[in-house]
Amino acid sequence: SDELSNYGSRGGEWGKRHCELLREIRREVPGGFRVCASLNGRPEAPMLPLLDIAIPNGGFPITAQTLEDIRQAGCEPWFYNLGWDRFTWGFFLAKTGAKGRLQWHYRTHYEGTPDLFNTLTGGLRFGLPLGPDGPYQMGWFEIVREGIDDLRYVQTLRTLLAEARGQPRAAQAVAAGEKTLQWILDNIHDL
């Protein structure tokens, strides 16, 4: 589902009933499936125990309590539409332990002649702005890449530490790596 709280408590209740049905159906599906929802407000909180993946945005809101609620419900945390900055693509995900992140990358305000193959009912269009030689360079794509690289660096350090723990010859390097990782995590601030 997507942002059922846009319909207030009625949307949250509908989402809860829908998730209950999906969980019943899942038992009959070979291999099963995972149930996820993008969450835009607290009326969707009753859905948490029924989800496999909870994907809140800033409207839910994303707080330490929200993350605790997601984990207590047994959901895998993801996020969406957190912003366009490097921090929210990298270090924030590293600190929160989120498994993924979604963003409306190609969403732009509708301009010019309507294109029936590239519009939504809300008057928005999707696509990259085109110049005479193809798409314009989008500087924020570089910001996204830098953030993803930040997350990769932290995850690489975590992976290497996990592989080296318990190896007597690596004890000093593990201690230094754990100290560095803790320093990084301690210096990542919330949204």
Extreme residue, most open to solvent (accessible area, probe 1.4 Å), among residues of the range 173-191 that are part of a helix (DSSP H, G or I) and of a type in the set (Val, Ile, Thr): Thr180
Matching residues in the range 147-172 - criterion: being open to solvent by less than 60 Å² (accessible area, probe 1.4 Å) and of a type in the set (Asp, Glu): Asp149, Asp150
The listed residue being touching a Gly at 6+ places or on another chain (Cβ under 6 Å), closer than 18 Å to Gly100 by Cα and touching a residue at least 12 places away in the same chain (Cβ under 8 Å), out of Asn40, Asn57: Asn40
The range 44-64, residues that are among the charged types (D, E, K, R) and touching a Pro at 6+ places or on another chain (Cβ under 6 Å): none
Filter result for the condition that a residue is more than 27 Å from Lys95 (Cβ to Cβ), among the basic types (Lys, Arg) and either open to solvent by less than 60 Å² (accessible area, probe 1.4 Å) or touching a Cys at 6+ places or on another chain (Cβ under 7 Å) (or both), over Arg10, Arg26: Arg26
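The values are calculated or read from the model by the stated rules, or taken from the named source; none is laboratory data. Fair warning: this is a prediction, and the values are worked out from it, not measured in the lab. Counting neighbours? That spans all protein chains shown, and the Cβs are built from the backbone with ideal geometry, glycine included. Ligands, DNA and RNA are stripped out before the accessible areas are found, and what is left, the full protein with its side chains, is counted by its heavy atoms. Shrake-Rupley method; radii C 1.70, N 1.55, O 1.52, S 1.80 Å.
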